[in-house]
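In what follows, a structure is listed as structure tokens, so that the remarks can point back to it.
The values are calculated or read from the model by the stated rules, or taken from the named source; none is laboratory data. What you see is a predicted model, and the numbers here were worked out from it, not measured in a lab. Neighbour counts are summed over all protein chains in view; Cβ atoms, including those assigned to glycine, are modelled from backbone coordinates with ideal geometry. Side chains are part of the model used for accessible areas, which takes the heavy atoms of the whole protein and leaves out ligands, DNA and RNA. Shrake-Rupley method; radii C 1.70, N 1.55, O 1.52, S 1.80 Å.
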Amino acid sequence: MASHFVRWIGNPPFSSENMRVPQEVINSAQRFADKRRGRFLAARELLAQLMLRVYGIRELPALTTSSSGRPCFADANLPDFSISYAGNTIGVLLAEEGGRAGLDMEIVRAHSRQTQDMLTQDLSSGEKAWINAQQDFMEALTQIWTLRQSILKLTGETDSGIDSLRLHPAAGRLRSTVFPDIQAVCDAEPTLVWSCALSPGTERLHLWEIDGSQQWQALRDVEMSKPNIGPHTLRLTSLVTPHEMGHP
């Protein structure tokens, strides 16, 4: 099975006349300030374009809000998705059927020293040790933070669940007390760090980008089972105990 991650950078390339977003969604965005309204509609149009490309669905299906406060499809039979923003980049992660998804994106070196200290204080000793062992401290810290946020989006906990999650990046493992079986892949590009948290059944992650001419550019495919998938790519899988697996 495969999941799909698509993003675009800059002003949304789709005109209002060509949008595949229902009018009620457009109307609901009128209460937002200009910048937030633009990002809100762009994310939903990006999701609509992804649903068209993957499933042939021509208009964005009805949306609702989950108990954790993030948007989801009203029809529970439709796939899970996750939305993230970083600077002028908008991203959408669409899970494979029956799976779950959590996406986070962060700009490297966008945080103040005070924010860096705040991000570091809740990390485990293993997470801090891995960060300190890397050549680029800020890139490594951003990777760990982005991984955490993507996983917490998948579990539906947001920042309130920070104590339920531990990452063991040196061993390529993670542990969530809420969802015992998760995998996550995180990549550090020159200015952007992104992380996709997915269900364990996902075998491949398709990466796409839409340019200003509305053209889909295939960036690369990530084979989730491969141990080495890029020089700046970090992949973590769940560390499941025998008790959690149902063994005595």
Inset, instruction - Looking only at the stretch 43-53, count how many residues are open to solvent by less than 50 Å² (accessible area, probe 1.4 Å) and farther than 15 Å from GLY91 by Cα. - result: 1
Legend entry - Residue that is part of a loop (DSSP other than H, G, I, E, B) and closer than 19 Å to LEU236 by Cα, where the choices are LEU123, LEU93: LEU123
Inset, instruction - Consider PRO200 carefully, then state whether it is out of contact with any Phe, Trp or Tyr (no Cβ under 6 Å at 6 or more places or on another chain), at pLDDT 85 or above, exposed (fewer than 14 other Cβ atoms within 10 Å of the Cβ) and not in a strand (DSSP E or B). - result: no
Legend entry - Unique residue being without any contact (Cβ under 8 Å) to a residue 12 or more places away in the chain and on the phi > 0 side of the Ramachandran plot when the list is GLY56, GLY87, GLY10: GLY56
Inset, instruction - Scan the stretch 228-243 residue by residue and report those that are within 17 Å of SER199 (Cα to Cα) and modelled with pLDDT under 90. - result: LEU239, VAL240
Inset, instruction - Determine if the stretch 67-81 includes at least one residue that is of a type in the set (S, T, N, Q), closer than 30 Å to ALA2 by Cβ and part of a strand (DSSP E or B). - result: no
Legend entry - Selection within the stretch 203-241 - polar (S, T, N, Q), open to solvent by 40 Å² or more (accessible area, probe 1.4 Å) and in a strand (DSSP E or B): GLN217
Legend entry - Within the stretch 1-42, considering residues that are open to solvent by 20 Å² or more (accessible area, probe 1.4 Å), under 18 Å from LEU219 (Cα atoms) and among the aliphatic types (A, V, I, L, M), the one modelled with the highest pLDDT: ALA2
Inset, instruction - Enumerate the pairs (first residue in the stretch 20-48 and more than 19 Å from SER84 (Cβ to Cβ); second residue anywhere and not in a helix (DSSP H, G or I)) with beta-carbon separation below 8 Å, excluding pairs fewer than 6 apart on the same chain, so at least 6 apart or on different chains. - result: ARG20/ARG58; ARG20/GLU59; ARG20/LEU60; PRO22/GLU59; PRO22/LEU60; PRO22/ALA62; ILE26/MET19
Inset, instruction - For the stretch 147-155, state whether one or more residues are open to solvent by 40 Å² or more (accessible area, probe 1.4 Å) and touching a strand residue (DSSP E or B) at 6+ places or on another chain (Cβ under 6 Å). - result: yes
Inset, instruction - Kindly indicate the residue of the stretch 172-197 that is in contact with a helix residue (DSSP H, G or I) (Cβ under 8 Å, 6 or more places away or on another chain) and of a type in the set (A, V, I, L, M) and also modelled with the lowest pLDDT among those meeting that condition. - result: VAL178
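Open to solvent by 50 Å² or more (accessible area, probe 1.4 Å) and under 24 Å from LYS35 (Cβ atoms), is that true of GLY87?
yes
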